[in-house]
Structure formats: C-alpha cells, structure tokens
1. Which one, 37, 59, 49, is farthest towards the positive end of the dipole of region 1-60 when Lys and Arg carry +1 and Asp and Glu -1 on their Cβ?
2. Wrap a convex hull around the Cα atoms of region 1-43, take a quarter of its surface area, and give that in square nanometres.
3. Based on the Kirkwood radius over alpha-carbon pairs, what is the Stokes-Einstein translational diffusion coefficient of the chain at 37 °C with 0.692 mPa s viscosity, in µm²/s?
4. So what is the 222 nm mean residue ellipticity for the chain from helices alone, if each DSSP H run of at least 4 adds -39500 (n - 2.57) and you divide by all residues, rounding to the nearest 500 deg cm²/dmol?
5. When a/c reaches 1.5 or more, the comparison of a/b and b/c decides; with that in mind, is region 1-92 rounded, prolate or oblate per its Cα gyration tensor?
6. Given charges of +1 on the Cβ of Lys and Arg and -1 on the Cβ of Asp and Glu, with all other atoms neutral, how large is the dipole of region 84-132 about its Cα centre, in debye to the nearest 20?
7. Which one of 27, 12, 141 has its Cα pushed farthest toward the positive end of the charge dipole of the chain, where Lys and Arg give +1 and Asp and Glu give -1 at the Cβ?
8. Over region 1-141, what relative contact order in percent results from Cα pairs under 8 Å that are six or more residues apart?
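Any read-out appearing in this document is the output of simple, stated calculations on the displayed coordinates, not a laboratory observation. Keep in mind it's a predicted model, so treat the numbers as computed, not measured. Neighbour counts are summed over all protein chains in view; Cβ atoms, including those assigned to glycine, are modelled from backbone coordinates with ideal geometry.
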Amino acid sequence: MYGIGILKGLGVTLKHFIETYIDDIRWLGKRYYNDEALSVRQGPQARGVFTVQYPEEKLNIPEEFRFIPFLVYDELPNGEIVERCTSCGICAKVCPPQCIWIVRSSDPLTGRPKPESAEFYIDIDICMNCGLCAEFCPFDSIKMDHHFELASYDRSKDQIYNKDRLMKPASYYASIRPKNYEKEEKVRREKEAAKAAKA
C-alpha cells in the first residue's frame, strides 16, 4: 500500500527515459534543432523528453505575447518620420511600477510645450510587462514588443532604454502583430473617413 505512488512516479520517469532513446533512433539524429521535430515534440505525438533546447531551439512567439514597450513612429512616403507620441504622460501615470519618465519638449521661441517628447526613458528592469501603457495610450504610440532576450552586464547602460532605442517603425509593429495592426488601421481609416465626411 505504502510507496505505490513513488513506484508509479518512477515508472513514468523510466518510460520517458526509454522513449527518449527510441524516439532518437526513430528520428535518426534529426530530433532536435529543426521546426518539424519541434512541432512534433510540442504536440500530442511527443514521446520521451520533449524539452525545448533553448537557445538553439525557440518556440514560435504568439502574436499576443508582450514584453517591454516600444514607441511607434510612422514613415511618410517622402521619408519623413512622424512620431505618434505627444508626450501626454498618460502612460507614465498608469504605469504601476512607475518605470516610465518623459520630458516634454518646448518651443524655444515661445516657451510653450510642443506635442512631442524631448526625452523618453523606460527602465526595463522595473517594467513588469503588464501592457497598461499600451492599453491606455490614446494615440497608439506605445506598443508591447516581442523581444525578450535582454541579458546584459551593465544595468545603467543597457537596461534603461532611451528614446532612440525605444523608437520603431509602424512596419515593425505590423510584422510582429499583423492581426492587431490590421484592426487598428481599419478603425483609423474609418475615423479619417468620418472626419472627411463632416468637413
């Protein structure tokens, strides 16, 4: 009666151990480091050890995966870059760990604030990747990235992202989140059509 659970657990371990070698023979050395074998190991036909051999093997990242935020800018046909961020500060206000810092730019002649940021910083060591900044941004200027390999040796230099490191084109956003991008562009086109109809 006692110890049956332990024996059952050891039996499962032994089964996986043996099936690993049987699967290695079946794949003839092609079990790892190719997409076909990875999809089989991650599916219901998996036998033996099915651990992903990271970093040589990587799982496909789902579209809704989110990691650190980035700033989106639009590229006009003439090559001009238009920042979407107006430095309204909503992202910094809703950020739970308060890891976003924005410095608004101002007109040198009048001293009045301009709708663009002079400086924009995100401390990615503090960021908890919740996505609230992207959710609350009224201008669709901040989005969540798929890039998650951020290890470095110098925190002050590599882990505090400035505006230059955060800026990415809308085409990049479209490549990592095509469904979301298409939905947002459809809404944007409808709003522009409604404005044109009123004018």
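1. In region 1-60, that residue is 49.
2. Mean projected area for region 1-43: 3.6 nm², to one decimal.
3. 156
4. Computed ellipticity for the chain at 222 nm equals -11000 deg cm²/dmol.
5. Here region 1-92 falls in the oblate category.
6. Value, rounded to 20: 240 debye.
7. Result: 12.
8. Contact order relative to length: 18 percent.
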